[in-house]
Amino acid sequence: MEITSAAHYDRVLRYFDEDGDGKISPSELRNRLGLIGGELLPAEAEAAVESLDSDGDGLLCVGDIERLLDVGEEEKLKDLREAFGLYDAEGCGFITPKSLKRMLKKLGETKSTAECKVMIRRFDLNGDGLISFDEFQIMMA
């Protein structure tokens, strides 16, 4: 599930780098975000670049993009761990049919233990009848 490769960062940089100088200016950031449906005011673009700019040149380099994306990935992982913890109420490190049934009930959905076993079987890659965090990550991807 790791998307944080050097090629990925370079691809992101090239997408935003309209003039091909290897850096992203505030105006390039605004323009490209606009093309994909985002909106950033000029002052917001300036502030975003300023906060991420590691060498003080007023532009973003590939290292700045890498740090930005890594923080995003860390945040996603943290959110996934919190969600997993809701299902792993027993704290055993796995989602069991019993814990899945309990969580679904909290969410207003009534399932039997047998139905929960079937649901788990769909994403249980190692066949142990449980969902590990790794399997949960794959399921949520």
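No lab work stands behind these numbers, since they all come straight from the coordinates. In this text the structure is predicted, and so the values were computed from the model without any measurement. FYI the Cβ positions are ideal-geometry reconstructions off the backbone, even for glycines, and counts take in every protein chain you see.
Which whole-number percentage describes the relative contact order of region 88-140, with Cα contacts under 8 Å and a sequence gap of 6 or more?
34 percent.
Assuming R0 = 25 Å, what is the FRET efficiency of Val118 and Glu90, from their Cβ-Cβ distance, to the nearest 0.05?
Plugging the Cβ-Cβ distance into 1/(1 + (r/R0)^6) gives 0.75.
Would you mind getting the Kirkwood hydrodynamic radius of the chain from its Cα pairs, rounded to one decimal in Å?
It works out to 18.0 Å.
With no solvent and one point per C-alpha, what does the Debye sum give as log10 I(q)/I(0) for region 88-140 at q = 0.14, 0.23 Å⁻¹?
Here log10 of I(q) over I(0) equals -0.31, -0.84.
For region 1-124, what is the relative contact order in percent, using Cα pairs closer than 8 Å and at least 6 residues apart in sequence?
Result for region 1-124 is 16 percent.
For region 6-74, restrict the atom set to alpha-carbon positions and state the Rg and Dmax in Å.
11.2, 31
Let's see if you can work this out: charge +1 on each Lys and Arg Cβ, -1 on each Asp and Glu Cβ, no other charges. What is the dipole magnitude of region 6-74 about its Cα centre, in debye to the nearest 20?
260
Work out which helices of the chain, taken as complete DSSP H runs, extend at least 20 Å along their axis over the Cα atoms and score a mean Kyte-Doolittle of -0.5 or more, then list them.
62-87
Among the lysines, which have Cα under 27 Å from the Cα of Lys78 when same-chain residues fewer than 8 positions away are ignored?
Counting by Cα, and skipping residues close in sequence, Lys78 has these lysines nearby: Lys98, Lys101, Lys105, Lys106, Lys117.
Counting helices only, and only those DSSP H runs with n ≥ 4, report the 222 nm mean residue ellipticity of the chain as the sum of -39,500 (n - 2.57) divided by its residues, in deg cm²/dmol to the nearest 500.
Helix contribution divided over all residues of the chain: -19500 deg cm²/dmol.
Could you state the number of Å between the C-alpha centres of region 5-20 and region 29-78?
12
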